[in-house]
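Enquirer: Below are the structure tokens for one structure; questions will follow.
Just so it is clear, none of the values below were taken in a lab; they were calculated from the coordinates. From a predicted model like this one, the values you see are computed outputs, not experimental measurements. Ideal geometry is used to build each Cβ from the backbone, glycine not excepted, and the neighbour counts take in all protein chains shown.
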Amino acid sequence: MKIQEIETIVKLMSDNDLTEFKIEAEEYNLCIRRGSETQIITAAPVIQQPAPVAAVPATAAPAAALQEAAPVTDQVTIDSPIVGTFYAAASPETDNFVNIGDKVTADTVVCIVEAMKVMNEIKAEKSGVIKEVLVDNANPVEFGQPLFVIE
């Protein structure tokens, strides 16, 4: 099954307010559920080939739409290394890791991206000053999506 087909299924589920979609074929099984903050897509082949498991947010736009929405400038950004859910702080009761105007170094933790129930600390990997936060807290992010603008 191609990614475009999965994206179409996710859009149809959203448009028709469906909470679960399941299809079984000779080559694969596909189950998509929504209703929480994220949905899990699990593809498991019936044949003895290993299957990828990917987390896709329920409200995720296709990657092309995300790239079109991103500003087309030569800004230095900190990008998401994985697909998941963006969190600006370690918990709702704590302060954000970084705020606009904060200086960061390559080792500064700037956020957490949750992927498959694993909290991944994201480091700046660049030095500079945070100029803009491009993602709202608890929103889904794609691989390579800009999270922060630094200068």
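Enquirer: Tell me, in nm to one decimal, what length is gained between Ile82 and Asp102 on full extension, where the rule is 0.36 nm per residue of separation less the Cα-Cα distance?
Expert: 4.8 nm
Enquirer: Shifting gears a bit: List the residues, sorted by chain then number, that are 5 or more residues from Ile150 or on another chain and whose placed amide H is less than 5 Å from its amide H.
Expert: Val76, Thr77, Ile78, Lys131
Enquirer: Next question, about the same structure. So between Asp17 and Gln75, what do we pick up on full extension, going 0.36 nm a residue minus the alpha carbon distance?
Expert: Gain on extension, Asp17 to Gln75, equals 17.1 nm.
Enquirer: Test of understanding: express the Cα radius of gyration of the stretch 68-150 as a ratio to 2.2 N^0.38 Å, with N the residue count.
Expert: Relative to the 2.2 N^0.38 Å estimate, the stretch 68-150 comes out at 1.01.
Enquirer: In what sequence do Glu24, Glu93, Glu125, Glu114 fall when counting other Cβ within 10 Å, fewest first?
Expert: Going from least to most buried by this count: Glu93, Glu24, Glu125, Glu114.
Enquirer: On to the next question. What order do you get for Lys2, Lys103 when you list them from fewest to most C-beta neighbours inside 10 Å?
Expert: Going from least to most buried by this count: Lys2, Lys103.
Enquirer: When a footprinting reagent is the concern and you count Cβ atoms within 10 Å, what order do Tyr87, Tyr28 take, fewest first?
Expert: Tyr28, Tyr87
Enquirer: Can I ask one more? Taking amide H positions as placed in the peptide plane 1.01 Å from N, state which residues far from Val110 in sequence (5 or more) or on other chains have amide H under 5 Å from it.
Expert: Residues meeting the criterion, in which the H sits 1.01 Å from N, are Ile122, Lys123, Ala124.
Enquirer: Let me ask another. Among Phe143, Thr85, Cys111, pick out the residue whose Cα is farthest towards the positive end of the charge dipole of the stretch 68-150, where Lys and Arg carry +1 and Asp and Glu carry -1 on C-beta, about the Cα centre.
Expert: Comparing the listed Cα positions along the dipole, Cys111 ranks first.
Enquirer: Full-extension gain between Asn137 and Lys123, please, as 0.36 nm times their residue separation minus the C-alpha to C-alpha distance.
Expert: Taking Asn137 through Lys123 to full extension adds about 3.4 nm, to one decimal.
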